[in-house]
Amino acid sequence: MSDQNRTPITPEPGKLNVESDELRFIQRAARLLLHYNMRTESLRKRLQEIGEALWVPVQIHVGYRTVTVYTPDGLHVHAQAPEFRINIAVSAEVNRTIDKVCAGKLPLPEAIEILDKVEVSAGRHSRWTLSLMFGLAAGALAWLQSADWGGMAVISLASALGMLARQEMHRFHPVLFALPFVAALIGSLMGGLVIQQGWTHTPGICLIVPALMLVPGPHLINGLYDMIENNMQTGIPRLGLAAGILVAAALGIFLGGWLTLGMTTVPPWKGSAVPIPLWLDVFLAGVASCGFGAFYNAPWRVLWTSILCGMVGHGIRYLCLARGMDLEMSTLWACVAIGFMAIRWVGSMRIPFAAVAFAGAVPMMPGVLMFRGIGGAMEIAFAGANSSLPLVAGTLASIFKSAFVVGSMGMGLLAGAWLGEIFFRHVFKVHR
């Protein structure tokens, strides 16, 4: 936006202080953008955009869960987030409010009041609707992993109950890692009981898939983005957070398996030998993406974007794998397509990139490989020096392959978004 088309909101000489509306607005915007998991470089650019619109030159320092904004006058405001969350409705409303302020269409006092109330006013899916959609998404993922009908039924039910448990526990502000641990434990306990009764012939899928719904895709991908953009001070802690969530979920799996089956590892992975046709693969990916989009509180009006990206991305990966391409390269090309599509709606709908890209790409997260690697590491720890060479080799292979697949996802989404920005800017004159 050019300066002549913008209504400047300039403070009077000597008026700017830490209690001024300009800095109060910047502080609230910084806290919300950070709290709802905007990656470091995007957060820095967004705050600079606000500063330019308010005619307040700023310098921004972003740390892990903290952001500090400095002015040339020596003033600064600080914001801290207790944890990282994904809430598409809140993020979209914050971005729309920032746009109105930058365009001079919304007075600062009114904008500050909107930001103060946005976490309540943005709304959420009801707990029963969300649990139902999450359960259906888990069932779709189980089908994609070739689970049998008994396995799919218990996976859907366990994931829905795990979601209800997480929502209930969240009211009491427990330790962060308690939430994925309890949800995975519920899934593995129910899966273990079904295996005991002989109601499923896919025991490995039955135990692991409920925990696949807990894979922290946004934290993993945001961490990779930060590291690719050379923001190591935030990228490494984000990856550490993701690793902690994965370990907590893995401990829940293995505790449930030990209590019900006396097992300290995941059963052999057995799925159907009949391949899933392309149309069914695409449909199931859309169902899974819908569940993840709802989990991220995407409003109904934008949920279709995540579904479409998930279907197109998974379809591309299916075709690549069918033609003999490696999993890493297949995932890379699928995520390039997702990133290219997602960036188109980021600007027009004012929704964060996570609303489309993460929900569309998360069904391709290599959760099975991750949990196999963690399980193998636990077996090595139990066996110590007596660990067999195949166990060590298999564990390292699972860990490295999952790391390369996640890296392919991050690189693919970033490359697709970059290509999309160039394409839409020069062909359709669309600016974010």
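Yes/no matrix, rows are residues, columns are (1) modelled with pLDDT under 90; (2) among the polar types (S, T, N, Q); (3) over 13 Å from Val356 (Cβ atoms):
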| residue | (1), (2), (3) |
| --- | --- |
| Ser289 | no, yes, no |
| Pro299 | yes, no, no |
| Ser306 | yes, yes, no |
| Gly310 | no, no, no |
| Gly313 | no, no, no |
| Tyr318 | no, no, yes |
| Leu321 | no, no, yes |
| Asp326 | no, no, yes |
| Ser330 | no, yes, yes |
Region 398-432 - residue that is crowded, with 18+ Cβ neighbours inside 10 Å and of a type in the set (D, E, K, R) and, of those, modelled with the highest pLDDT
Lys401
Sole miss for Arg65 among (1) of a type outside the set (S, T, N, Q); (2) touching an Asp or Glu at 6+ places or on another chain (Cβ under 8 Å); (3) modelled with pLDDT under 90 is condition (3)
Does Leu239 qualify as being modelled with pLDDT of 90 or more and closer than 20 Å to Leu332 by Cβ?
yes
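Suppose the filter is surrounded by fewer than 24 Cβ atoms within 10 Å (Cβ to Cβ), under 17 Å from the mean Cα position of the chain (by Cα) and within 30 Å of Gly162 (Cα to Cα); does Val287 pass it?
On the way: surrounded by fewer than 24 Cβ atoms within 10 Å (Cβ to Cβ): yes; under 17 Å from the mean Cα position of the chain (by Cα): yes; within 30 Å of Gly162 (Cα to Cα): yes.
Yes, satisfied.
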If Asp73 meets every condition in (1) surrounded by fewer than 20 Cβ atoms within 10 Å (Cβ to Cβ); (2) among the acidic types (Asp, Glu); (3) modelled with pLDDT of 90 or more apart from one, which number is that one?
(3)
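Residues checked against (1) within 21 Å of Asp99 (Cβ to Cβ); (2) assigned to a loop (DSSP other than H, G, I, E, B); (3) in contact (Cβ under 8 Å) with a residue 40 or more places away in the chain:
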position	(1), (2), (3)
Arg24	yes, no, yes
Ala29	yes, no, yes
Leu32	yes, no, yes
Met38	yes, yes, yes
Glu41	yes, no, yes
Gln48	yes, no, no
Val67	yes, no, no
Long-range neighbours under 9 Å by Cβ, at least six apart or interchain, first residue not assigned by TED's automatic domain parsing to the domain that holds Ala137 within region 148-166, second at pLDDT below 90 and charged (D, E, K, R)
none
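Within the bounds of region 198-205, is there any residue that is within 11 Å of Ile253 (Cβ to Cβ) and more than 25 Å from the chain's Cα centre (by Cα)?
Taking region 198-205 first, the residues within 11 Å of Ile253 (Cβ to Cβ) are 204.
Applying the additional criterion that residues be more than 25 Å from the chain's Cα centre (by Cα) yields none.
For region 198-205, residues within 11 Å of Ile253 (Cβ to Cβ) and more than 25 Å from the chain's Cα centre (by Cα): absent.
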With the condition kept exactly as written, say whether any residue in region 208-231 is more than 23 Å from Val356 (Cα to Cα), of a type outside the set (A, V, I, L, M) and free of Cβ contacts under 8 Å to residues at least 12 places away in the same chain.
yes
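The values are calculated or read from the model by the stated rules, or taken from the named source; none is laboratory data. Since the structure is predicted, the reported quantities are computational estimates derived from the model, not experimental observations. For neighbour counting, all protein chains shown are included, and Cβ atoms are generated from backbone atoms with ideal geometry for every residue, glycine included.
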